[in-house]
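*Asks:* Provided herewith is a single structure, encoded as structure tokens, for subsequent inquiry.
The values are calculated or read from the model by the stated rules, or taken from the named source; none is laboratory data. Because the structure is predicted, anything quoted here is derived from the model rather than measured. Note that each Cβ is placed from the backbone with ideal geometry, even for glycine, and that neighbours are counted across all protein chains shown. Note: areas computed on protein heavy atoms with side chains; ligands, DNA, RNA excluded. Shrake-Rupley method; radii C 1.70, N 1.55, O 1.52, S 1.80 Å.
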Amino acid sequence: MSYADELFISNCNEIFNNGFSDENCNVRPHWEDNTPAHTIKAFGITNRYDLQKEFPVMTLRKTYFKSCVDELLWIWQKKSNNVNELGSHIWDSWADENGSIGKAYGYQLSVKHKYPEGEFDQVDRILYDLKHNPGSRRIISNIYNHSDLSEMNLYPCAYSVTLNVTGDRLNMILNQRSQDMLVANNWNVCQYAVLLHMFAQVSNLKAGELLHVIADAHIYDRHVPMVKELLSLEPYPAPKLWINPDVKDFYAFTVDDFKLVDYNCHEFNKKIPVAV
């Protein structure tokens, strides 16, 4: 089975068997009908994915890979905070009348900061260090900027990455404060696995380990039957990731430069409600 499936099954079983229910708590998230969106949650889940072994995509249900990569490029390459520059409508619930999500996500990556070596935004600083200072233990991005939280329509969920070069391999830690396991777990894993491959390729390195740290991993009340249905399925083997080997510039990648080869997955066509 795909290792991403194996970890998803393990994580969800941990939440169901040992998790905490917030059904008696006041919660911020709500459903479209304004009913409070309660969860069962586990604190401090950590998963490791070796990208040299396989690409971590679930097969229990389809991950819409092109949309996943499009959103990744929207944040990390375009550094955008406007949903009109995104190919899907995933973020529409958090956008204003002009399409802006405020000073969140891509906006934070676009802000330039002064360093002894010059002025860089966070993405360009990472690219600079991977080229000039690969042994650095300071290759970090962080978009959870407290001074701008009041102007964000959604606080960042996946908020920080730390990159570390070990030999010829580039490893990454993804820190996430909160994760909707059904809606977003594999979506985020796929995105940051692709991002790690991108950074590695343009830096003449190999993609190594992705370490995913989730502070609050939860399953929403209305998702429980769907998750249990997924857990009853038999996973398929993981597909292979194809990434265009000719692209050497981080900003030259397009959605068409990434493909999943031999991706088999279960049909799961139920509409999944999203808490906001």
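*Asks:* Has region 247-254 got any residue that is under 18 Å from the mean Cα position of the chain (by Cα), open to solvent by less than 50 Å² (accessible area, probe 1.4 Å) and of a type in the set (A, V, I, L, M)?
*Replies:* no
*Asks:* Another question about this same structure. Does LEU163 satisfy being of a type in the set (A, V, I, L, M, F, W, C) and in contact with a Gly (Cβ under 7 Å, 6 or more places away or on another chain)?
*Replies:* no
*Asks:* I'm checking my understanding of the structure. Among residues of region 211-237 that are under 15 Å from the mean Cα position of the chain (by Cα) and surrounded by fewer than 23 Cβ atoms within 10 Å (Cβ to Cβ), which one is farthest from ALA37 (Cα to Cα)?
*Replies:* Filtering first and then ranking leaves LEU211.
*Asks:* Filter region 163-186 down to residues that are in contact with an Asp or Glu (Cβ under 8 Å, 6 or more places away or on another chain) and open to solvent by 10 Å² or more (accessible area, probe 1.4 Å) and give me whichever is farthest from ILE90 (Cα to Cα).
*Replies:* ARG169
*Asks:* Additional query: Which one is most open to solvent (accessible area, probe 1.4 Å) among residues in region 77-131 that are in contact (Cβ under 8 Å) with a residue 40 or more places away in the chain and of a type in the set (Asp, Glu)?
*Replies:* ASP96
*Asks:* I need the full set of residues from region 140-152 which are within 18 Å of the chain's Cα centre (by Cα) and either open to solvent by 70 Å² or more (accessible area, probe 1.4 Å) or hydrophobic (A, V, I, L, M, F, W, C) (or both), in order please.
*Replies:* ILE140, ASN142, ILE143
*Asks:* Now, a different point. Could you tell me which residue of region 255-273 is most open to solvent (accessible area, probe 1.4 Å), considering only residues that are under 30 Å from ILE126 (Cβ atoms) and among the β-branched types (Val, Ile, Thr)?
*Replies:* Result: VAL261.
*Asks:* So for region 41-48 (the condition being of a type outside the set (Lys, Arg) and farther than 23 Å from SER141 by Cβ), does at least one residue qualify?
*Replies:* Step one: filter region 41-48 for residues of a type outside the set (Lys, Arg), giving 42-47.
Narrowing further to those that are farther than 23 Å from SER141 by Cβ: 42-43.
Yes, there is a match, as at least one residue in region 41-48 is of a type outside the set (Lys, Arg) and farther than 23 Å from SER141 by Cβ.
*Asks:* Follow-up. Can you spot a residue in region 47-54 that is open to solvent by less than 20 Å² (accessible area, probe 1.4 Å), more than 25 Å from ASN175 (Cβ to Cβ) and touching a residue at least 24 places away in the same chain (Cβ under 8 Å)? Walk me through how you get there before you give the answer.
*Replies:* Initial filter on region 47-54 (open to solvent by less than 20 Å² (accessible area, probe 1.4 Å)): 47, 49, 51.
Cutting the leftovers down to more than 25 Å from ASN175 (Cβ to Cβ) gives us none.
No; the residues of region 47-54 include none that is open to solvent by less than 20 Å² (accessible area, probe 1.4 Å), more than 25 Å from ASN175 (Cβ to Cβ) and touching a residue at least 24 places away in the same chain (Cβ under 8 Å).
*Asks:* Among residues belonging to region 198-210 that are in contact with a Leu (Cβ under 8 Å, 6 or more places away or on another chain) and open to solvent by 40 Å² or more (accessible area, probe 1.4 Å), point out the one that is nearest to HIS30 (Cα to Cα).
*Replies:* That would be GLU209.
*Asks:* Return only the number of the condition from (1) open to solvent by 10 Å² or more (accessible area, probe 1.4 Å); (2) among the charged types (D, E, K, R); (3) under 18 Å from the mean Cα position of the chain (by Cα); (4) farther than 29 Å from ARG125 by Cβ that GLU23 does not satisfy.
*Replies:* If we test GLU23 against (1) open to solvent by 10 Å² or more (accessible area, probe 1.4 Å); (2) among the charged types (D, E, K, R); (3) under 18 Å from the mean Cα position of the chain (by Cα); (4) farther than 29 Å from ARG125 by Cβ, just (3) comes out false.
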